[in-house]
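Participant: Sharing a structure with you now.
The values are calculated or read from the model by the stated rules, or taken from the named source; none is laboratory data. Keep in mind the model is a prediction, meaning the values are calculated, not measured. Here the Cβ positions follow ideal geometry from the backbone for every residue, glycine too, while neighbour counts run over all protein chains shown.
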Amino acid sequence: MHAAKSLASLVGNTPLVALSRYGKGLRNNIFGKCEFLNPGGSVKDRIAFHMIDKAEAAGVLVPGGTIVEATAGNTGIGLALAAALKGYKLVTYMSEKVSKDKVNLLQALGAETIILPGGKPISDPEHFMNLARTRAKESGAWLANQFFNESNVEAHYQTTGPEIWKQTEGTVDVLVAGVGTGGTLTGTGRFLKEKNPDVKIVLADPVGSMLAGLVKGEESTSSSYLVEGIGQDFVPGNFDTSLVDEVIQVRDEDSVQAAKDLLKTEAIFVGSSSGCIAFAALQYCREFGGDGKNIVAILPDGGRGYISTIYDQSWLDTKLPTS
Ligand SMILES: Cc1ncc(COP(=O)(O)O)c(C=O)c1O
């Protein structure tokens, strides 16, 4: 019998695919780590299931309990699947920037969704992350707390990193990732650098995020941008900036175009953060040489979460008139 025990055991072990058409003409090899093929459609399934397992083991999440989380959508979707399997309630707090597609999906999965105005600083008690924390505290629910929960980094250290090492037979030279919570970059990057200290970690950061400036030690402010899920206006506790070797800032128009190029050249249908990361991988090759290096780009989620945004030309026309 070749049946999985449950959906939980289908999380992770995502394929690595050569992006040779997308990276045509380069003398480096770019590979995409297909996180969009996780059961819930994103890299966040890994941390959702792992954080819940750890919370159950620690006795802070008990049968019939409620999970509260601040999310750009994907962690909520992963948590909703785990909650359905295990019988928990889920309450998600999101900024209004999160696409309607992801909000609709969360509602279909049975989560309560609370959408709040964006643009508030993290110091504001009305920031969606602070409201999630308050709700959890006042109601006695468990806050998954992906931005600071060490189980997030651990999930990637134990799974994403080893998978990439194995899939590349130890020949990975460069990892390109974005940072939302920092879990992917920190956990995967730490594992790969422990295996080979020469592995370079590249942060792909949307123009408008403060993280690029922060890593470069520059005065840094944030402004709005379209890419969802990566970039920040504060420093997430799970982001170990010391792992980053290079930073590549990507404009919204380049992230959107790269997502469309991945579809056209590779039949890979992904979201805006994948576009940002794939563009940064190309840029890295252009800037740092064509010497046969193996570059792994994380592709965090699929395009179905963005049908009403970056894949809707009328939406794009209002947000990015030049695209
Ligand atoms: C679409 C998308 N891409 C990338 C990320 C970033 O991953 P991480 O939180 O591990 O830094 C997120 C996280 O929120 C996301 O939703």
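Participant: For a quick check of your reading: which helices (runs of 4 or more DSSP H) sit entirely within the stretch 59-157 and have at least 3 residues that are charged (D, E, K, R)?
Facilitator: 100-108, 128-139
Participant: Has the stretch 134-146 got any residue that is over 20 Å from the mean Cα position of the chain (by Cα), in contact (Cβ under 8 Å) with a residue 12 or more places away in the chain and under 30 Å from Ser224 (Cα atoms)?
Facilitator: yes
Participant: I would also like to ask the following. Within the stretch 165-178, is even one residue crowded, with 24+ Cβ neighbours inside 10 Å, in the same structural domain as Asn29 (by TED's automatic domain parsing), within 11 Å of the ligand (Cβ to nearest atom) and within 23 Å of His50 (Cα to Cα)?
Facilitator: Scanning the stretch 165-178 turns up at least one residue that is crowded, with 24+ Cβ neighbours inside 10 Å, in the same structural domain as Asn29 (by TED's automatic domain parsing), within 11 Å of the ligand (Cβ to nearest atom) and within 23 Å of His50 (Cα to Cα).
Participant: Is there any pair with a first residue in the stretch 273-288 that is in contact (Cβ under 8 Å) with a residue 24 or more places away in the chain and within 16 Å of the ligand (Cβ to nearest atom) and a second that is among the charged types (D, E, K, R) and not in a helix (DSSP H, G or I) whose Cβ atoms are under 7 Å apart and which are 6 or more apart or on different chains, and what are they?
Facilitator: Ser273/Glu228; Ser273/Asp301; Ser274/Asp301
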